[in-house]
Amino acid sequence: MSLTVHTEQRGDVVVVSVAGELDMATAPQLQDQITDLLDKGRNRLVFDLADVSFCDSTGLSVFVRAKNSCDEAGGVVRLAAPQRGVLRILEVSGLVEVLHTYPTVDQAVAGEPSPASS
Amino acid sequence: MRDRCLIQDQQGTRKEPDITSDLPRLAAVTRPHRGPGLAGSSVVPYPHGGLSRHANLPPGERLRVLLVEDDEGDAFLVGELLAETNSMIDLQVATSLSEARRRITNVDCVLLDLGLPDAQGLDGLRQVLEMSSGAAVCVLTGRSDEHLGIVAVAEGAQDYLVKGQVDGVLLTRALRYAVERKRADENARRLREVELRQAESARLERGLLPQPLMTTDEVAVHTFYRPGRHAALIGGDFFDVVQTRPDRLDLIVGDVCGHGVDEAALGVELRVAWRALVLAGVPDDEVLPALEQVLMSERRLQEIFATVATTRLDLDANRATVRLAGHPPPLLLSGGRVVPVPAPGGRLLGVRPRRPTAYDLEFDTHDWSLLMYTDGLIEGRVGTSDERLDVPGLSGLLDEPANRQVSLPELPAWLVGRAEQINGGPLADDVAMLLVTRGGGR
């Protein structure tokens, strides 16, 4: 199954909307988009996961890498609106707080201090 | 020094064999004519000994040959030789190396004159070998440079032909043979590469999936490993079992994210590091933090992490301590029920370290099993939906009445079989499992 990635600037944040399954086969595609954004100096990223039906450890590693790069550049990575299965993977991996996960895109863009995890 | 003749006259310094047919021969002084077709020749002369005298080459595909030759006359003559013998060869001519470079794609064989003006001798050959990749290379040498032909073959050409000693049949045969030999060499090389990769994978697998280090017969441990659909890419799944006291057994199942030799090698390092930490008697609570340090200092890339589940069994007390670091929980089979061990989910190793919480599990009876596994087992699909098997689905499979007929040693393989059935095909990722059982086991 293929992955689609759209980006949209909202204020000082880029919302990266991902749709499809994020696994070993598709993760490089998202990684390329993130690399492009970072190259352009965009380091405040919100990933809209509402249409991501599946994410495995390869997918998680893309977010971890994005977070490391954005942190280094003084930016931020937040996740928004994960489906139940993806949220479960974030919880099992213990990354739900590390990756600042919010129930909605608006909340993630606003960066209110009430992540879904807490 | 160029030798302009493909075939020299009979008064040459070397005695040529008798030529009994009037096949066209290349000569600088006399332009060839079209002789009678080969089909009509009962005896076909071969200046070289040792080759079959059957004129008709076995039927085969058409070959595309690129002749790199700056002498128009010689180029014309090669074309004539091939035309005469019904050679099934499509000849193109390039008059220089730079032209050859543009035309070399989709060519089966390059026939190279070693005396080109823009690259004399072996230098030209090296350039052609570099640009030819899949194509075979034959060289043409002058009679006085025959030694160059031998050197050319040593450098990587498939064959050499001496001008003045070639007729159409020999030329055709040499070109076809060169192409076949190049293909055989390529196949042998690929086979060797595959063998090396397999040997490397096998070595890594042995490192990731060792023999349990235990002597007790209070419990039995059944191990299982199945590579994923992309079998060429070895995963970083690993497990290990170590007994440090008569009543104590430690077990670990883990997974380094990513697929490749580096990740697998890191999995081996973590597995060995864990075994060493346990054998060294490092306090239980300190083992995973130390393992995380090993991971973070040894990994190639910052974003590489690992998930692990560990279990320490206290056999005398019939008790277990389970720790999870980003890993799905073991399943407990006991009293006819299957439940995930409700250990708190700790953070995976390698991203903002946090000590996993220990969860103590008291067994009610002496008949139980713990199933530890990697996430490849639970990431399969459920039918055609977006749903994945996940932990509840896996528990459900173990609750199916059918598995009561399956013996405990067979249970891991049976589970993977069922997961694949529901997935509608082989699972994408590697699966590693440890099944530790006591008494009747469930």
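What residue, of B:ASP316, B:ASP285, is touching a residue at least 60 places away in the same chain (Cβ under 8 Å), part of a helix (DSSP H, G or I), charged (D, E, K, R) and assigned by TED's automatic domain parsing to the domain that holds B:LEU370?
Residue meeting the stated conditions: B:ASP285.
Any idea which residue in the range B:293-313 is farthest from B:ASP364 (Cα to Cα), counting only those that are assigned to a strand (DSSP E or B) and within 11 Å of another protein chain (Cβ to nearest Cβ)?
Taking the candidates together, the pick is B:ALA306.
Cβ-Cβ under 6 Å, sequence separation 6+ or interchain: first residue in the range B:210-224 and within 16 Å of B:GLY440 (Cβ to Cβ), partner basic (Lys, Arg). Which pairs?
B:VAL219/B:ARG438
Can you pull out the residues in the range B:380-396 that are touching a strand residue (DSSP E or B) at 6+ places or on another chain (Cβ under 9 Å) and in a helix (DSSP H, G or I)?
B:VAL391, B:PRO392, B:LEU394, B:SER395, B:GLY396
Being assigned to a helix (DSSP H, G or I), under 30 Å from B:ARG347 (Cβ atoms) and not aliphatic (A, V, I, L, M) narrows it down to one residue among B:GLU195, B:GLU205, B:GLU200; which is it?
B:GLU205
If you scan the range B:326-344, which residues turn out to be in contact (Cβ under 8 Å) with a residue 60 or more places away in the chain and within 11 Å of another protein chain (Cβ to nearest Cβ)?
B:HIS327, B:PRO328, B:PRO329
Among the residues of the range B:405-419, is any farther than 22 Å from B:MET214 by Cβ, among the small types (Gly, Ala, Ser) and part of a helix (DSSP H, G or I)?
yes
Specify the residue that is farthest from B:GLU195 (Cα to Cα); the eligible residues are those in the range B:222-247 that are crowded, with 18+ Cβ neighbours inside 10 Å and over 31 Å from the mean Cα position of the chain (by Cα).
Residue satisfying both the conditions and the ranking: B:GLN243.
Condition test on B:LEU371, is it aliphatic (A, V, I, L, M), within 22 Å of A:GLU91 (Cβ to Cβ) and away from every other protein chain (no Cβ under 14 Å)?
yes
Any chance the range B:114-130 includes a residue that's over 29 Å from B:ASN187 (Cα atoms), open to solvent by 30 Å² or more (accessible area, probe 1.4 Å) and either of a type in the set (Val, Ile, Thr) or not in a loop (DSSP other than H, G, I, E, B) (or both)?
yes
Going through the range B:339-379 one residue at a time, which ones are assigned to a strand (DSSP E or B) and modelled with pLDDT under 95?
Matches in the range B:339-379: B:GLY346 only.
Return the residues of the range A:69-96 that are surrounded by fewer than 21 Cβ atoms within 10 Å (Cβ to Cβ) and closer than 28 Å to A:ASP39 by Cβ; say none if nothing qualifies.
A:SER69, A:CYS70, A:ASP71, A:GLU72, A:ALA73, A:GLY74, A:GLY75, A:VAL76 - these are the residues of the range A:69-96 that are surrounded by fewer than 21 Cβ atoms within 10 Å (Cβ to Cβ) and closer than 28 Å to A:ASP39 by Cβ.
Those residues that are open to solvent by 30 Å² or more (accessible area, probe 1.4 Å), within 14 Å of chain A (Cβ to nearest Cβ) and not polar (S, T, N, Q), I need them from the range B:350-367; list them, please.
Listed by number, the residues that qualify are B:ARG352, B:PRO353, B:ARG354, B:ARG355.
Can you find a residue that is open to solvent by less than 10 Å² (accessible area, probe 1.4 Å) and under 27 Å from the mean Cα position of the chain (by Cα) anywhere in the range B:269-287?
yes
Could you go through the range B:410-424 and let me know if any residue there is of a type in the set (Asp, Glu) and more than 26 Å from B:CYS257 (Cβ to Cβ).
Yes, the range B:410-424 contains at least one residue that is of a type in the set (Asp, Glu) and more than 26 Å from B:CYS257 (Cβ to Cβ).
Quickly run through the range B:267-279 and pick out the residues that are within 14 Å of another protein chain (Cβ to nearest Cβ) and out of contact with any Leu (no Cβ under 7 Å at 6 or more places or on another chain).
Across the range B:267-279, there are no qualifying residues.
Out of the range A:49-68, which residues are crowded, with 24+ Cβ neighbours inside 10 Å and either among the acidic types (Asp, Glu) or more than 11 Å from every other protein chain (Cβ to nearest Cβ) (or both)?
Once the filter is applied, which keeps residues that are crowded, with 24+ Cβ neighbours inside 10 Å and either among the acidic types (Asp, Glu) or more than 11 Å from every other protein chain (Cβ to nearest Cβ) (or both), the range A:49-68 yields only A:LEU49.
Given the criterion without any contact (Cβ under 8 Å) to a residue 40 or more places away in the chain, more than 9 Å from every other protein chain (Cβ to nearest Cβ) and either closer than 14 Å to B:LEU415 by Cα or not acidic (Asp, Glu) (or both), identify the matching residue among B:ARG347, B:ARG323, B:ARG388.
Sole residue among the options that is without any contact (Cβ under 8 Å) to a residue 40 or more places away in the chain, more than 9 Å from every other protein chain (Cβ to nearest Cβ) and either closer than 14 Å to B:LEU415 by Cα or not acidic (Asp, Glu) (or both): B:ARG323.
Among the residues of the range A:97-106, count how many are surrounded by fewer than 18 Cβ atoms within 10 Å (Cβ to Cβ) and assigned to a helix (DSSP H, G or I).
1
The values are calculated or read from the model by the stated rules, or taken from the named source; none is laboratory data. Being a predicted model, the structure only gives us computed values, none of them experimental. Heads up, the Cβs are rebuilt from the backbone with ideal geometry, glycines too, and the neighbour counts pull from every protein chain shown. Just the protein is used for accessible areas: all its heavy atoms, side chains included, with ligands, DNA and RNA removed. Shrake-Rupley method; radii C 1.70, N 1.55, O 1.52, S 1.80 Å.
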